[in-house]
Amino acid sequence: MIVPFVGLKQHYLAYQSEFNEAVQSVLISGEYILGKVVSDFETALAKYLNCRFVITVANGTDAIMLSLKALNIGPGDEVIVPVNSFIATAGAVVSVGARPVFCDITEDFNIDVTKIESVITDKTRAIIPVHFTGRPADMNAISALAKKYNLEVIEDAAQAIGALYHNQQVGTIGKLGCFSLHPLKNLPVFGDGGFISTNDENLYRYLSKLRNHGLKDRDTCDFFGFNSRLDGVQAAIGMVGLHYLPVWTKKVIAIADRYRDALREVVIAPSDASNTKSVYHNFMVLTDKRDALMQYLLENSVETKIHYPIPLHLQPASKSLGYKVGDFPVAESVAKRMMSLPIYPELTDSQIESVINTVILFHKKQS
Ligand SMILES: *Cc1c(COP(=O)(O)O)cnc(C)c1O
C-alpha cells in the first residue's frame, strides 16, 4: 500500500525516543494506575482545553457512559443522538438503561439542529451532539434548545480535540465533554484511554469517585461505582502527544486544505462553518461514484474507508428501537455517497500527491 489509511507505526517511530522515555519513567516509578502522572496529565488537558476540570477514564465510551450516570440519566429517559456516529455514542446511552433517540444529520455530517425539536418528548433528558470528523456541531442552536426544554448537553468530542466553536474548545461548551485517546484519534495513546471535561466542580468531584469504585479514599466507598481509570503509562504517552498536538493539528488541517483545493471539481467536501475550526479526524467527501472510486483507489494502492457505512438506526443492535429504512433520509443518502481519504500528520508530500492524482485520474477516465 503506497498510502495506507492509518500510520500508527510511523507515528510511534517519529517520536520513538520520547515515547520510550515516557513509558520507562512510569515503569520505574511503580505507580501504574492513576497517581501523579495521571493527575498531571489531567491538569495539562484542562489547561489545553481552557476548562476547569478534566477526569481521565478508561476510554471514550466510558466517558459518555459515566457522564450520563453523573447526570442521573437512566431507565425511562431518552437521549438524542445523531444517527451517523460511531456506535459507542448510542451504546453508552443503552448501557445506562436509557433509550437513544436518533436525529438525522445534514450533508456536513453533523446533527441537523432543525430536526432536533421534532424528536424531543417529555422523556428527553439530554442531547449528545457529536463533533463528527472533528467538525464542530452547531452548539449555539443546540444550547438554545437545551435551555428551552431543560435538557443536558453532553458533547461527544471523541474525534475533535482542539476543534474550536466561536473560539471555544469543543467539549467545554456543554455540561460535560467526552474525549477518546484511542490510537486512531487526534490525541492517540498506545492503548485505550479517554477523559471528561467540565467546568462544574460537583460533577468533577462525583466523576473522580465514580470512575474509581465510588471510593473517597483507600477504605471508604461513598457509593458503588466503576473501574474506569487511566493507566500511568498511557497518561505519560498522552502527555508527550499533548505537547505535539498543535503541530499535528496544523498538519492535518494543511492536508485537508490541499485535498479540498485540489478536488473541489470532482467531489464535495464540506468547508469549515463560519467561526469554527475543524481538526479533521477524518477527511470525508461525498461522491455519487463512491464504490467505483474506492475500488480504483485501492487498485492504485490508496486505502480509503467509510465512516460509517451503516447508520445507527439500521444496525442490528438497534432493532428493538423500532426504526426502519427511510426514517433518516439524509443519513441514508450520505451513507451511500461518503468516503474518507487518508489523513494523518505522518503522510508525506508524495503520498498526499498520490491521493489527489489518483482521485483526479479516476474522474478523467470516467469522462
Ligand atoms: C471513538 C469514538 C468513541 C468511543 O471512544 P473509545 O475510546 O473508542 O471508547 C465515541 N464516540 C465517537 C464519535 C468516537 O469516534
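Here are some notes:
- Given charges at beta-carbon only (K, R positive; D, E negative), |dipole| of the range 111-220 in Debye: 140
- Relative packing of 255-267, 49-61, which averages over residues the other C-beta atoms within 10 Å, highest first: 49-61, 255-267
- Charged side chains reduced to their Cβ positions (Lys and Arg at +1, Asp and Glu at -1) give the chain a dipole of some 240 debye around its Cα centre.
- Local charge for Asp222 was computed over the other residues whose Cβ lies under 11 Å away, with Lys and Arg +1 and Asp and Glu -1, and equals +2.
- If you take the Cα centroid of the range 36-52 and the Cα centroid of the range 202-275, the two points sit 11 Å apart.
- Dipole of the range 216-367 computed with +1 at Lys/Arg Cβ and -1 at Asp/Glu Cβ about the Cα centre; of His363, Ser350, Met284, farthest Cα towards the positive end is His363.
- Placing +1 on the Cβ of every Lys and Arg and -1 on the Cβ of every Asp and Glu, with nothing else charged, gives the range 1-58 a dipole about its Cα centre of roughly 180 debye.
- Sequence-distant residues sharing a close amide H with Thr56 (under 5 Å, placed H): Ile196
- Amide H contacts of Thr124 (H built 1.01 Å from N, under 5 Å, at least 5 apart or other chain): Glu78
- Val101 long-range amide H proximity, modeled H, under 5 Å: Val79, Ile80, Val81
- Vicinal HN-Hα couplings computed from phi for the range 29-40 (Karplus, 6.51 cos²θ - 1.76 cosθ + 1.60; Hz; Gly/Pro x): 5, x, 9, 9, 10, 6, x, 5, 5, 6, 5, 5
- Per-residue ellipticity at 222 nm computed for the chain from its helices equals -12500 deg cm²/dmol, with DSSP H segments shorter than 4 residues left out and the rest contributing -39,500 (n - 2.57).
- For the chain, the square roots of the Cα gyration tensor eigenvalues, ordered a ≥ b ≥ c, give a/c of at least 1.5 with a/b no greater than b/c, which places it in the oblate category.
- By the count of neighbouring beta-carbon atoms within 10 Å, fewest first, Ile2, Ile352 end up ordered Ile2, Ile352.
Read-outs throughout are calculated quantities, based only on the coordinates presented, and are distinct from any laboratory measurement. As the structure is a prediction and not an experimental result, all values here were calculated from the model. Glycine gets a Cβ as well: all are built from the backbone with ideal geometry, and neighbour counts include every protein chain shown.
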